[in-house]
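The values are calculated or read from the model by the stated rules, or taken from the named source; none is laboratory data. Bear in mind that the values here come from a model prediction, so they are computed numbers and not experimental data. Virtual Cβ from ideal backbone geometry, glycine too; neighbours counted across all protein chains shown.
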Amino acid sequence: MATRISNTTPEESHLNDAAAANGGIADFDYSNFYYSSADDIFAIFDPYNEWWYGHARDNGYYLFSQPMSTPPRPRIELEEQLGHERLKLLNLASYNYLGLSYHPEVIDAAKNALDHYGLGAAGSPILSGTMEIHVQLEKELAKFKKKDAAMVFATGYSTNVGLIQALMRPGDWVIMDQNVHASIVDGAILSKANVRFFRHNRPDDLEKKLGGTTGKRLVIVEGVYSMDGDEARLPEIIEVAKRHGARTMIDEAHSTFLYGKDGRGVAEKYGLEDEIDIHVGTFSKALGGMGGFVAGSQALYNYLMGFARSRVFSCALSPAVAAGVLQALKIVQREPQLRDALWSNVAYMRGLLGEAGIDVGESTSQIIPIMIRNDRKIFGVAQSLQRAGLYLQPIIYPAVAKHRSRFRISISATHTTQQLDEAAAILSDVLQAEGLR
């Protein structure tokens, strides 16, 4: 008999109907609690928390937000949330692609800035929050990206939200790859522009979606897609956009500082840096910090100063973080061997996973999905991996579409081949035990 949700209001009775249809509340996920028919916005809390404490948390959702007690190194310690046991695990879940978050020079730079500036900027960038270290970071970023100017934001999320909201208006068109990051989607929604999605990495579908549109149009893609790990078909997409007179934006959160001869990203790899109007990147992936940036013309920078609300009305990036990121940027340019080590590790791990017959989807990058495609089963697999000593996070809706669940491996330049051997062996054994290979 299907489980019934207790203590619900009459307006929430549709959840009971959904539970009956789906075989019980245990089959629910976040999507069942997105809408509420009640007049009280708090009415959804009781059924949600019954699901959370009665089913979701104990059945695997506790794996999210487990606190680590160490830096995001190849080996970490964290507190397991149900038994409160401290675990030592091999880490393939953190970005930190070049291992710079704990680099001694980066830490020293942040410490020195902390001593000099204090903890926070204590103000918006346009008021009292801009400090010399922010100006230095923006100048070095612009120089690195070979652009007139670069603007720093406090987070990668606020970068996309503020940028798109600043430029686009009701009646304009934002046309984006269906797999772009949530921050891009949210920025488009906030702008109130018309939004169209084209099929992932399909220039022919972009052609169709641009057809019939007029006025201001912005085409948005990512350099490397964060969940599938595949590269944008950039040359073809840029050609289509130009043919229709649309402006272009690329978010290289997972490819800036990694791709191209000098590490400027996928746009550099394809020789298209000057063909793209707006370049976006983040500091939390390859540089191991936090924050984001927009690089482009000085005119773009000047306009965003007045209209990027997520920057204008938010505290500036911590000066200590800005100093650490600046030092990480210097190391990236000084030590290209870090990128070499990363790509060597990526090739090695791909070989191991291929030999084991593990499904990695369409990935071509340092992001390697381990496709599970079973939204309920993935939590049990994650628990087995953790018990075997491997830290990987289950990726489910809404981060990916339903029934596209996976684990996401992030390879680092600091992983050893022995650690990758160990990780691949654990993955192979657990997936085989679970009937997934």
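Of all residues in the stretch 378-432, those that are touching a residue at least 24 places away in the same chain (Cβ under 8 Å), more than 30 Å from residue 186 (Cβ to Cβ), in a helix (DSSP H, G or I) and not β-branched (Val, Ile, Thr) total 15.
Go through the stretch 219-266 residue by residue and tally those that are within 19 Å of residue 161 (Cβ to Cβ) and over 22 Å from the mean Cα position of the chain (by Cα). Result for the stretch 219-266: 1.
For (1) hydrophobic (A, V, I, L, M, F, W, C); (2) in a loop (DSSP other than H, G, I, E, B), each residue gets a yes or a no:
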| position | (1), (2) |
| --- | --- |
| 84 | no, yes |
| 107 | yes, no |
| 133 | yes, no |
| 139 | no, no |
| 158 | no, no |
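The lone criterion from (1) touching a residue at least 40 places away in the same chain (Cβ under 8 Å); (2) more than 27 Å from the chain's Cα centre (by Cα) left unmet by residue 59 is number (2).
Here the condition is being under 24 Å from residue 223 (Cα atoms) and outside the structural domain of residue 199 (by TED's automatic domain parsing); of 368, 378, it holds for 368 alone.
Regarding residue 433, is this residue modelled with pLDDT under 95 and aliphatic (A, V, I, L, M)? Yes.
Select the strands (runs of 3 or more DSSP E) contained entirely in the stretch 215-326, then report the ones holding at least 2 residues which are at positive phi, at pLDDT below 95 and surrounded by fewer than 17 Cβ atoms within 10 Å (Cβ to Cβ). Steps first, answer last, please.
Working: elements: 217-222, 247-251, 278-282, 292-296.
Output list is empty.
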